[in-house]
Amino acid sequence: MPVIKVSENKNNLPSVIKITYQSGKSQTFKVKK
Amino acid sequence: MSSSSYGPEIFGADPVNIKWSVVRGDTSSITISFLEDDEVTPYNISTWDFISTAYEKSTDLIDILTVTKPSPGTVTITAPASITKDWGQGRTSKVGELLFDLQVTINGSSDALDVIWTPLIGTISVIGDITYLGGSL
């Protein structure tokens with residue numbers, strides 16, 4: 001049986017998004033690839 | 001990663017979804033950093049164009065928020081007081097809720113090759129204020 005690979009075309013996007021609020025609180029999110 | 005699950009694998013858009021609390025009549029901002037794998041190095045966004053808008057369902061109005069690039073890999077979305085003063089109704093603890101997002105245009109070699117990406121969506125929860133510098137409401 002063949003292997004089926006499905007991939008999303010997100011190679012030109014950053015890996016991580018970090019949100020920082022006025023209070024200084026921040027959260028980091030991984031961009032799903 | 002290999003998988004042989006019985007349920008559907010989920011692909012497609014997966015924007016960061018946040019709740020942004022804003023006091024009506026205040027200036028409020030959030031900063032978004034786009035980073036490489038090491039979570040430190042700024043991603044090159046120098047040629048990217050950004051736009052952010054907020055939508056209030058009760059009034060069916062769309063406000064354009066201010067987006068700036070204060071440093072490499074970073075954008076700041078600001079909701080100025082001149083806009084937030086009109087958000088929500090009444091004088092309760094929570095006076096309104098808006099939808100907002102941040103949209104990026106990654107410029108290609110032609111308009112047809114531009115890539116549109118929405119990395120951030122969310123709700124703006126509007127906290128009621130009492131004090132109003134502009135006079136009576």
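A straight Cα-to-Cα reach below 20 Å connects A:Lys18 with the aspartates and glutamates B:Asp14, B:Glu36, B:Asp37, B:Asp38, B:Glu39, B:Asp49, B:Asp101, residues fewer than 8 places away in its own chain not being considered.
Dividing the alpha-carbon radius of gyration of the protein assembly as shown by the rule-of-thumb value 2.2 N^0.38 Å gives 1.23. Roughly speaking, what is the centre-to-centre gap between region B:20-62 and region B:67-97 when only Cα atoms are used, to the nearest Å? If we compute the Cα centre of each part, the gap is 10 Å.
Judged by the gyration tensor of its Cα atoms, with axes a ≥ b ≥ c, region B:1-64 is oblate; a/c meets the 1.5 cut and b/c is at least as large as a/b. The mean sequence distance of close C-alpha pairs (under 8 Å, at least 6 residues apart), as a share of the length of chain B, puts its relative contact order at 31 percent.
What is the local net charge at B:Ile106, summed over the other residues whose Cβ is closer than 13 Å to its Cβ (Lys, Arg +1; Asp, Glu -1)?
Here the count lands on -2.
For B:Ile62, B:Ile116, the sequence from fewest to most other C-beta atoms within 10 Å is B:Ile116, B:Ile62.
Residues in region B:55-68 carry Karplus couplings, in order, of 10, 10, 5, 5, 10, 6, 10, 10, 10, 8, 8, 7, 10, 10 Hz; the curve used is 6.51 cos²θ - 1.76 cosθ + 1.60 with θ = phi - 60°, and Gly or Pro positions show x. Assuming charge only on the beta carbon of Lys and Arg (+1) and of Asp and Glu (-1), the dipole of region B:1-66 about its Cα centre is about 320 debye to the nearest 20. At q = 0.14 Å⁻¹, work out log10 I(q)/I(0) for chain B with the Debye formula, treating every Cα as an identical point scatterer and leaving solvent out; two decimals please. Summing over Cα pairs of chain B leads to -0.76. Counting other Cβ atoms within 10 Å as a rough exposure proxy, the listed residues B:Asp60, B:Asp101, B:Asp14 run B:Asp60, B:Asp14, B:Asp101 from fewest neighbours to most.
By the beta-carbon count within 10 Å of each Cβ, the least crowded to most crowded order of B:Val104, A:Val6, B:Val23, fewest first, is A:Val6, B:Val23, B:Val104. For B:Leu65, the residues whose modelled amide H falls within less than 5 Å of its own, excluding neighbours fewer than 5 places apart on the same chain, are B:Ser52, B:Thr53, B:Ala54.
FYI, it's all coordinate maths here, none of it is from the lab. Since this is a predicted model, take the numbers as computed values, not measurements. Quick reminder, even Gly has a Cβ in these numbers, built from the backbone with ideal geometry, and neighbours come from all protein chains shown.
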